[in-house]
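Structure, as structure tokens:
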Amino acid sequence: MSEYVDDRVHLYQKDVIEALPQLQDDFFDVCIVDPPYGASTTNNWSYNENAKLKGFGGDWKLTNELWDLLSQNDSFQSTFAWLKELKRVIKSNGSIWIHSTYHNSGFVNVCCQLLDLEIINEVVWYKRNSFPNLSGRRLTASHETILWVHKGGAKHRDYVFNYEASKEYYSSSDLLKERGKQMRTVWDIPNNKSKDEMLFGSHPTQKPIKVAERILAICGVKDGRLLVPFVGSGTEMVAGLQYGMSVWGYELEEEYFNLAKKRIRTVLNNTQISLFA
């Protein structure tokens, strides 16, 4: 296993499902999750058939027919596994932000309910410059969903919300958000990446850093801890460092581990380079 560890950086080339159980409880302030849409990890899954889960009006035995239909799906199993661990490692006033599309958003929502995680908001990231649908057989996909989740449940809403910062947040590329106005649940963020963001290469599902920047404006904690379970190109870790947080991340693929490491080193070695351009 390769790793890159600094005072503020903990980057590991490791399967996150294996890594999460090793992290301590109530440790992170924010977690930004950009999981594989519809894909599992390398793990084999098994559940204790006598186990019970809260949700939907009472306990579900895993031997239920409906549960069996879900539990045989790799995407559902992996989502449940990492989300259960994230609930444990995030602080009671912390936030989990989860990227999704129609491929996995239903699983994420169901798993949150089963684990008694409250969905604070469902954000629609509107991609004004999305790619056209070349086949002409369906509508052009021009948005993704981001869920803002916390672990306290509906009765304990003591989560960090930088309300004034979210009101003052402004980006010239967003035609919807006005400075001084409340942040809405539709974010107009073009899917463009700057030259600095692409300096060392790219990832197929790489997000523009403006998305992570906005998330941290809403609930970031200066000198706090950010967890990024699926690092990819390192965008969220870079955003966390720029915000002033210490960052932890896991990436299984060597190519993207090395890409993220180069981007992180650039931030640490040259604070004059702003990847929020």
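Every residue in the range 85-139 that is modelled with pLDDT of 95 or more and basic (K, R), please. Result: K87, R88, K91. Among the conditions (1) modelled with pLDDT of 95 or more; (2) surrounded by fewer than 18 Cβ atoms within 10 Å (Cβ to Cβ); (3) in contact with a Ser or Thr (Cβ under 9 Å, 6 or more places away or on another chain); (4) of a type in the set (A, V, I, L, M, F, W, C), V238 misses just one, which is (2). Among the residues in the range 151-158, are any touching a Lys or Arg at 6+ places or on another chain (Cβ under 9 Å), surrounded by 12 or more Cβ atoms within 10 Å (Cβ to Cβ) and touching a residue at least 40 places away in the same chain (Cβ under 8 Å)? Within the range 151-158, one or more residues are touching a Lys or Arg at 6+ places or on another chain (Cβ under 9 Å), surrounded by 12 or more Cβ atoms within 10 Å (Cβ to Cβ) and touching a residue at least 40 places away in the same chain (Cβ under 8 Å). Would you be able to say whether some residue in the range 68-78 is modelled with pLDDT of 85 or more and in contact with a Gly (Cβ under 8 Å, 6 or more places away or on another chain)? No, every residue in the range 68-78 fails to be modelled with pLDDT of 85 or more and in contact with a Gly (Cβ under 8 Å, 6 or more places away or on another chain).
Which strands (runs of 3 or more DSSP E) does the range 171-277 wholly contain that include 1 or more residues that are in contact (Cβ under 8 Å) with a residue 40 or more places away in the chain, under 28 Å from S2 (Cβ atoms) and of a type in the set (A, V, I, L, M)?
Working: elements: 186-188, 225-228, 246-250.
Per the criteria, 225-228, 246-250.
Scanning the range 126-148 for residues that are crowded, with 16+ Cβ neighbours inside 10 Å and either in contact with a helix residue (DSSP H, G or I) (Cβ under 9 Å, 6 or more places away or on another chain) or of a type in the set (D, E, K, R) (or both) returns K127, E144, T145, I146, L147, W148.
For the structure I just gave you, tell me whether K155 is modelled with pLDDT under 95 and either part of a strand (DSSP E or B) or of a type in the set (D, E, K, R) (or both).
Details: modelled with pLDDT under 95: yes; either part of a strand (DSSP E or B) or of a type in the set (D, E, K, R) (or both): yes.
So K155 passes the test.
Condition check: within 19 Å of the chain's Cα centre (by Cα), of a type in the set (A, V, I, L, M), at pLDDT below 80 and under 19 Å from V231 (Cα atoms). Does A39 satisfy that? So A39 fits the description; yes. Considering the range 180-214, and only residues there that are in contact with a His (Cβ under 9 Å, 6 or more places away or on another chain) and buried (at least 16 other Cβ atoms within 10 Å of the Cβ), the residue that is farthest from F131 (Cα to Cα) turns out to be V211.
If I go through the range 112-152 residue by residue, how many of them are part of a strand (DSSP E or B) and hydrophobic (A, V, I, L, M, F, W, C)? Please lay out each step first, then the result.
So in the range 112-152, the residues part of a strand (DSSP E or B) come out as 118-126, 143-150.
From what's left, hydrophobic (A, V, I, L, M, F, W, C): 119-120, 123-125, 146-149.
Residues in the range 112-152 being part of a strand (DSSP E or B) and hydrophobic (A, V, I, L, M, F, W, C): 9 in total.
The values are calculated or read from the model by the stated rules, or taken from the named source; none is laboratory data. Note that the coordinates shown come from a computational prediction; the quantities given were computed from them, not determined experimentally. Virtual Cβ from ideal backbone geometry, glycine too; neighbours counted across all protein chains shown.
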